[in-house]
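In what follows, a structure is listed as structure tokens, so that the remarks can point back to it.
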């Protein structure tokens, strides 16, 4: 290796570490708190991580699908969008902490519990399933799901699929393989939720988890698993780490995409710019700048490039207080999308619809809420 190549490699290594190693990692330690000083958010987890000898999931080795219910304390004293972790003695007023952890004995036990949560077919049948991205420990992804549930004001049970990421900044290639190996587990989880009574499942995926999500939707379509595919009532992809051409091919195999199908993008996403370099591509789906790259697909693109108050530019939709406030206005946003589909383009509910091509719509939210510029 000559000195120029060596210097370039060192620069990229520094960037990788700088992007991914700025904060402590979340650990699942049961029964850390008892008093509900914050908001208790139960997360129901399906994972293909192997369980450790202590019954937890710190391993990155793949195993059979297993389930757990994990209570998370979302502290009252924190900024919206922030997952605050203890660097010493944990404080439930300021830190995300783990409460009770219940591992289900098998898939039948989980289905029975999920059926009860869904009211045995008489109550809530709409649920959200989150899928994490690259470089996540089990604790990282569970705490992030709890933060999103609290900050978005999600009601009802929240489910999370945790695939065996290495949780390491330099594990990108290994994580891509692990995500693909986890396709069967996610499809099994969606099958189990359908059998438990779920009729409207919203999939919310981040980064590399978006690739996994698209592959599972494609897999169900090719296998003609229409019973479960028909329960997917919507898809949200945050900063999807997918080649745009691959996304189009996946969408064509899936056929009719779930509706709504929303993709959050940002031209300022440093993690996806790095991913593009690592994979040898010009850009990723999560950094597209024009509607042409998804023209003809029934999707809505929301451009968060101007969300400058985000704690993470790779997850601006969940870490920007401004965008959290904007995105909680779901009814107004839905009107924007419907108006765009009918050709009504203009300023609505704090958003400007900047482009429309066939079925695809692109929205650039203005940093204006309550009449004040943010």
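The values are calculated or read from the model by the stated rules, or taken from the named source; none is laboratory data. This is a predicted model, so every value here is computed, not measured. With ideal geometry, Cβ positions are generated from the backbone for all residues, glycine too; neighbour counts draw on all protein chains shown.
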*Considering every residue within the stretch 183-204, establish whether at least one is in contact with a strand residue (DSSP E or B) (Cβ under 6 Å, 6 or more places away or on another chain) and closer than 25 Å to residue 78 by Cα.*
yes
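Is it true that some residue in the stretch 87-98 is at negative phi, touching a residue at least 12 places away in the same chain (Cβ under 8 Å) and not in a loop (DSSP other than H, G, I, E, B)?
Taking the stretch 87-98 as the starting set, the residues that turn out to be at negative phi are 87-98.
Imposing the further condition that a residue be touching a residue at least 12 places away in the same chain (Cβ under 8 Å) reduces the set to 87, 90-98.
From the residues that got through so far, the ones that are not in a loop (DSSP other than H, G, I, E, B) too are 97-98.
Scanning the stretch 87-98, I find at least one residue that is at negative phi, touching a residue at least 12 places away in the same chain (Cβ under 8 Å) and not in a loop (DSSP other than H, G, I, E, B), so the answer is yes.
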*Can we say residue 166 is more than 22 Å from residue 217 (Cα to Cα) and either in contact with a helix residue (DSSP H, G or I) (Cβ under 7 Å, 6 or more places away or on another chain) or surrounded by 18 or more Cβ atoms within 10 Å (Cβ to Cβ) (or both)?*
yes
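Can you name every residue in the stretch 195-213 that is part of a helix (DSSP H, G or I) and either within 19 Å of residue 64 (Cβ to Cβ) or touching a residue at least 40 places away in the same chain (Cβ under 8 Å) (or both)? Reasoning before the result, please.
Step one: list which residues in the stretch 195-213 are part of a helix (DSSP H, G or I), which gives 195, 208-213.
Within the stretch 195-213, 195, 208, 209, 210, 212, 213 meet the criteria.
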*Is the stretch 219-240 home to any residue that is out of contact with any strand residue (DSSP E or B) (no Cβ under 9 Å at 6 or more places or on another chain), under 30 Å from residue 277 (Cα atoms) and free of Cβ contacts under 8 Å to residues at least 12 places away in the same chain?*
no
_Members of the stretch 7-26 found to be crowded, with 17+ Cβ neighbours inside 10 Å and modelled with pLDDT of 50 or more, listed by number_ = 26
*Report the residue count in the stretch 133-163 for those that are more than 16 Å from residue 213 (Cα to Cα), in a strand (DSSP E or B) and within 11 Å of the chain's Cα centre (by Cα).*
0
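Condition check ((1) under 23 Å from residue 217 (Cβ atoms); (2) under 20 Å from the mean Cα position of the chain (by Cα); (3) surrounded by 16 or more Cβ atoms within 10 Å (Cβ to Cβ)) across all residues:
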position	(1), (2), (3)
255	yes, no, no
259	yes, yes, no
277	no, no, no
284	yes, yes, yes
295	yes, no, no
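Filter the stretch 41-55 down to the residues that are over 21 Å from the mean Cα position of the chain (by Cα) and closer than 20 Å to residue 175 by Cα, then identify the one that is modelled with the highest pLDDT. Explain how you work it out, then say what you get.
From the stretch 41-55, those over 21 Å from the mean Cα position of the chain (by Cα) are 50-55; that's our starting set.
Still in the list and also closer than 20 Å to residue 175 by Cα: 50-52.
Numbers: 50: 90, 51: 87, 52: 83.
So, considering only residues that are over 21 Å from the mean Cα position of the chain (by Cα) and closer than 20 Å to residue 175 by Cα, the one modelled with the highest pLDDT is 50.
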*asked:* Which residue is farthest from the chain's Cα centre (by Cα), if the candidates are limited to the stretch 177-207 and must be surrounded by fewer than 20 Cβ atoms within 10 Å (Cβ to Cβ) and at pLDDT below 95?
replied: 199
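Within the stretch 130-158, work out how many residues are under 19 Å from residue 199 (Cβ atoms), surrounded by fewer than 24 Cβ atoms within 10 Å (Cβ to Cβ) and modelled with pLDDT of 90 or more.
Going residue by residue through the stretch 130-158, those that are under 19 Å from residue 199 (Cβ atoms) are 130, 154-158.
This time we only want the ones that are surrounded by fewer than 24 Cβ atoms within 10 Å (Cβ to Cβ), so: 154-158.
Still in the list and also modelled with pLDDT of 90 or more: 158.
Adding up the residues that qualify gives 1.
List the helices (runs of 4 or more DSSP H) inside the stretch 218-325, counting only whole elements, that have at least 1 residues being in contact with a helix residue (DSSP H, G or I) (Cβ under 6 Å, 6 or more places away or on another chain) and modelled with pLDDT of 95 or more. Steps first, please.
Values: elements: 226-229, 244-254, 270-279, 316-319.
Result: 226-229, 244-254.
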*If you check residue 238 against the conditions, is it surrounded by 20 or more Cβ atoms within 10 Å (Cβ to Cβ) and farther than 16 Å from residue 131 by Cα?*
no
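Among the residues of the stretch 56-86, which ones are in a loop (DSSP other than H, G, I, E, B) and closer than 23 Å to residue 170 by Cα?
Taking the stretch 56-86 and keeping what is in a loop (DSSP other than H, G, I, E, B), we get 56-61, 75-86.
Passing the criteria: 57, 58, 59, 60, 61, 83, 85.
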